[in-house]
Amino acid sequence: MNRLVSFRSKSRISTISCSSSFYARILGNSIDASRTRSPANASDSLATLSRCSSLVPARTLTGSSLFGFRNRSTASWSNLTGHEGSQDFARRFCSDAAAERESMEYDVVIVGAGPAGLSAAIRLKQLCGEKGVDLSVCVVEKGAEVGAHIISGNVFEPRALDELLPEWKKEEAPISVSVSSDKFWFLTKDRAFSLPSPFDNKNNYVISLSQLVRWMGSKAEEYGVEIYPGFAASEILCDDNGSVIGIGTNDMGVAKNGSKKENFQRGVALKGRVTLFAEGCRGSLSEKIIKKYHLREKRNAQHQTYALGIKEVWEIDESKHQPGAVIHTLGWPLDQKTYGGSFLYHMSERQVAIGLVVALNYKNPYLSPYEEFQKLKHHPAIKPILEDGTVIQYGARTLNEGGIQSVPYPVFPGGAIIGCSAGFLNVPKIKGTHTAMKSGMLAAEAAFGTLLEGSNLDSYWTTLQNSWVWEELHKAHNYRPAFDHGFIPGMAISAVEHYLFRGKSPFTLKHGKPDHEATNVARSHSPIEYPKPDGVLSFDVPTSLHRSNTNHDHDQPAHLKLRDPEIPTQLNLPEYDGPESRYCPARVYEYVPEESGQLKLQINAQNCLHCKACDIKDPKQNIEWTVPEGGGGPGYSVM
Amino acid sequence: MKIMVAVKRVIDYAVKIRVKADKSGVETQNVKMSMNPFCEIALEEALRIKEAGLASEVVAVTMGPKQSIDTLRTGLAMGADRGIHVEATGDLFPLAVAKLFKALVEIEKPGLIILGKQAIDNDCNQTGQMVAGLLGWPQGTFASKVVLDKEKQEVMVDREVDGGLETVCLNLPAVITTDLRLNQPRYATLPNIMKAKSKPVKKYTPEELNVAMKSDLEVVEVTEPPKRKAGVLVSSVDELIDKLKNEAHVI
């Protein structure tokens, strides 16, 4: 369906918009073309050609009110002044967009088709509809399909969805299982002690976030959003003033040694007047943006802290299935010094989601979150639920635990950061979907004002602080840092926060050391003997990995880059006994003996689940997670 | 000359397959689907022939339910000029597909038909051969190299056979089925994906093509292969022989 919309506004923008529902060579969610709202009329070949032509922008902007945009047609890499003087850094950060690749231009480019990104896209189109204007919105997604890289518990609070798409029930959103019971257990090796549940999940639902995001993707397309799965945003594009003007997608068809294969395709430059980064926790481009524009310093934010969540979806015996039952546990198998807990949610159709979340500031380098998860499933209170069941999918992802203290200033010249890339997860509630969605909606509203009325994008920050997101995060802000003082103090302070201060505590606890600095050296701990998998409840990594449907074309450069290739064998192995070989839930990192007998780090990049744990936990921050060729990575569908 | 390429929507090759609880088939709900890898290779070959100037048009054909249009659009994004979607629900066995193909060939009159050697869901390896049989056309299957000679109106095909490579020379019009080593399919670029949406897709139903869809085949049961049992270490050759004879009953 195409639409040729020309509209005159104060900024004198004429917009050509094509709405499409197409994907890369690996396709997923299909949308019946007849469901898109715009009527088909004008032929679009001319429009398409002008949009896809390189170098010549489809439209010119007049007025300089939008954060310093001037010469948009010359997107040469910026000579950054001020913050980082080094030209090398500038070259690494911003890329020369114009030179040798095609560029496509949009009003808004959104990186990541997750809850935040899609909420922003939908909200933008809704505002367009309300005001009778049109903006072209493009969402790029590195997963092969919308939802392929989405994994979450998930007990869903529909607050933001009610605001965004109030008819979600009528429109058959995959939200059907209401929370029916809410249990909270403290586990020891053999027993489970019931504790009063700190959660209030009365009006919430047990869902598969991957399914919900797929549904949101189809809704976004109905609104005319262009979504392109299978394309990874790998570079940030800047203009001469250092303002972000869009992103560049990965070159495809590059061989492992860097040479071009016969199906080599140069990446495309996607230019946006506003660029929103919605890459999820520890987004690779978002982290660069935060560093470059000093966004944490800008509001005196603390560093971000993280946890690694490892999850499986099981199909269990009918008799054991209680749709809507929600269980959270604390304690075993994690020790008092390691923060974390498990969850077990009964979904629809005999499926249960079970997972273990381990805070990444754990001290023992011999800890393996994956193996702890395997242990958990053998607990006498959990084993009976899973017995006779089969695992359908497996996956892992890191999540934010920093709360309000760690949220960076989310606006930069050219765009904003939304969702978990900024970090709005409410840790005591263990919910981040609703706040991510709301942040996307607020950013969309700010971007709309910027594009149509020339207002400042910083209004996003203002509306965020005035919204229920901030109120919630403020109430939650001391729970997690309290546990840095130990389990008992943590529980004590949490109780005080919850029952006494009721979220209005006058003080703000700070986080401890950054996660990567928290690891102790190996000699102060002893190796942990983990039990062998039994193949029924617990499994080895390759078996689990197979269930994640993860894959990457093997003949491509490894996307996990070592800043210093010597550090693994010079430091990680002797000092910390190679913790990456234990915390990675996909066995990407292995120390294998060479011919000489010396151990060397082998990176099995093909296994990667895109969880980002290595980027976070590597003691010297030597591992950099960069985005591989689009379309690779896990294939989550019910996670 | 027009080239017709068959593309099929199948479960993505990287997905872990599960059998449905009622054993009627494989679970396809919430499962990622993609174009059959051999069909990608077939389409790539057709596009290369067209880019070499030896063909005027590449038409991608798919048969299946409504969602198969996605696969067609991928084909268009890769570079096919037009798409044909034969909308048919239910199991589509190779003979029915071949009959539908024959009906389409009578309408479109292509000079070359390229298909993947087999689909990765049913592994039949029959459709291409049946199409050639129904049309009475020569066939070059398991192609690892295709060289078209426009003037002589013939095509040389290197076939991967058990004994090695066999080269056959086919008069056009002909049917070719592709094997893995023929080429490396191209990626669909973003601009091509956008251009693809304006490319025409014609829809047909089996009734319109006068093909009866009744099948002589019926899937009775689908089960998982038996789980591999752990191996047993034997301590001597005698013990091995004893086990082979008395436990495994193979000698």
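List of remarks:
- Over the range B:25-153: Rg over Rh, Cα atoms, Kirkwood Rh: 0.94
- Between residue A:100 and residue A:571, the contour length at 0.36 nm per residue exceeds the alpha carbon distance by 165.5 nm.
- Sparse packing (at most 15 other Cβ atoms within 10 Å of the Cβ) combined with a DSSP loop state is found for the following trypsin sites (Lys or Arg not before Pro) in the range A:407-503: A:502.
- Simple Cβ-charge dipole of the protein assembly as shown, Lys/Arg +1 and Asp/Glu -1, about Cα centre, in debye nearest 20: 2120 debye
- Spin-label proximity, residue A:169 to the range A:209-232 - amide N less than 16 Å from point 7 Å beyond Cα toward beta carbon: none
- Remark on residue A:283: its backbone amide H falls under 5 Å from none of the residues 5 or more positions apart or on other chains, H modelled at 1.01 Å from N.
- Within the range A:116-191, GluC sites (Glu not before Pro) in DSSP loop having at most 14 other beta-carbon neighbours inside 10 Å: A:167, A:171, A:172
- 3J(HN,Hα) from dihedral phi, the range B:137-142, Karplus parametrisation 6.51/-1.76/1.60, rounded to Hz, x for glycine, proline: 9, x, 9, x, 9, 6
- Across every pair of non-identical alpha carbons in the range A:308-448, the mean reciprocal distance, once inverted, gives a Kirkwood radius of 16.9 Å.
- Shown in residue order for the range A:420-433 are the 3J(HN,Hα) couplings computed by the Karplus curve 6.51 cos²θ - 1.76 cosθ + 1.60 at θ = phi - 60°: 5, 4, 8, x, 9, 5, 8, 5, x, 7, 6, 10, x, 5 Hz (x for Gly and Pro).
- Each Cα pair under 8 Å and six or more residues apart adds its sequence gap; the mean of these over the residue count of the range A:520-624 is a relative contact order of 30 percent.
- Fully extended contour minus Cα-Cα distance, from residue A:288 to residue A:261, at 0.36 nm per residue: 6.8 nm
- Cleavage-rule hits (trypsin sites (Lys or Arg not before Pro)) in the range A:535-618: DSSP loop, at most 11 neighbouring Cβ within 10 angstrom: A:563
- Estimated inter-spin distance, residue B:219 and residue B:150, nm [label 7 Å along Cα→Cβ]: 4.3 nm
- Spin-label pair residue A:540-residue B:180: with each label point 7 Å from Cα along the Cα-Cβ axis, the two points sit 2.3 nm from one another.
- The Cα atoms of the protein assembly as shown cover 90, 87, 60 Å along the three principal axes, with the biggest extent listed first.
- Summed over qualifying helices (DSSP H, 4 residues or more, each -39500 (n - 2.57)) and divided by its residue number, the protein assembly as shown shows a 222 nm mean residue ellipticity of -6500 deg cm²/dmol.
- Peptide-level mean, for B:192-200, of C-beta atoms on other protein chains within 10 Å: 6
- On Cα atoms only, tilt of B:69-78 relative to the major axis of chain B in degrees: 70 degrees
- Coupling constants for the range A:169-178 follow from the phi torsions by the Karplus curve (6.51 cos²θ - 1.76 cosθ + 1.60, θ = phi - 60°), and in residue order they are 5, 5, 8, 6, 5, x, 10, 9, 9, 6 Hz; glycine and proline get x.
- Ignoring aspartates and glutamates fewer than eight residues from residue A:375 along the same chain, the ones with Cα atoms less than 18 angstrom from its Cα are A:190, A:312, A:335, A:387, A:388, A:529, A:534, A:540.
- Which listed pairs, of B:117/B:150; A:256/A:363; A:532/B:227; B:109/B:150, have C-alpha distances above 27 Å, in listed order: A:256/A:363
- Amide H to amide H distances under 5 Å link residue A:599 with A:594, where only residues 5 or more positions off or on other chains count and H is placed in the peptide plane.
- The mean of 1/r over all distinct Cα pairs in the range A:566-639, once inverted, gives the Kirkwood hydrodynamic radius of 13.3 Å.
- Spherically averaged projected area of the range B:125-169 from its Cα convex hull (nm²): 3.5 nm²
- Per residue of A:143-152, other chain Cβ atoms within 10 Å of the residue Cβ number 1 on average.
- Shielding value for B:177-190 is 5, the average number of Cβ atoms from other chains within 10 Å of each residue's Cβ.
- Residues of the range B:126-149 with amide N under 18 Å of a point placed 7 Å along Cα→Cβ from residue B:106: B:130-137
- Calculated FRET value between residue A:298 and residue A:488, using beta carbons and R₀ = 41 Å, to 0.05: 0.70
- Take every DSSP beta bridge whose two residues both sit in the range B:109-251; close to 65 percent of them are antiparallel.
- Inter-centroid distance (Cα atoms) of the range B:150-185 relative to the range B:5-40, Å: 27 Å
- Cα-based equivalent ellipsoid of the range B:62-217: semi-axis lengths in Å, sorted from largest, via gyration tensor: 25, 21, 16
- Seen from a random direction on average, the alpha-carbon convex hull of the range A:125-217 projects onto 9.1 square nanometres.
- All Cα pairs of the range A:231-298, percent lying beyond 14 Å: 65 percent
- For residue B:145, residues with placed amide H under 5 Å, excluding near neighbours: B:158
- Estimated from the Cβ-Cβ distance and a Förster radius of 41 angstrom, the FRET efficiency linking residue A:378 and residue A:562 is about 0.70.
Just so you know, all these numbers are worked out from the coordinates, no wet-lab data involved. Bear in mind that the values here come from a model prediction, so they are computed numbers and not experimental data. Every residue, glycine among them, receives a Cβ derived from its backbone with ideal geometry; neighbour counts consider all protein chains shown.
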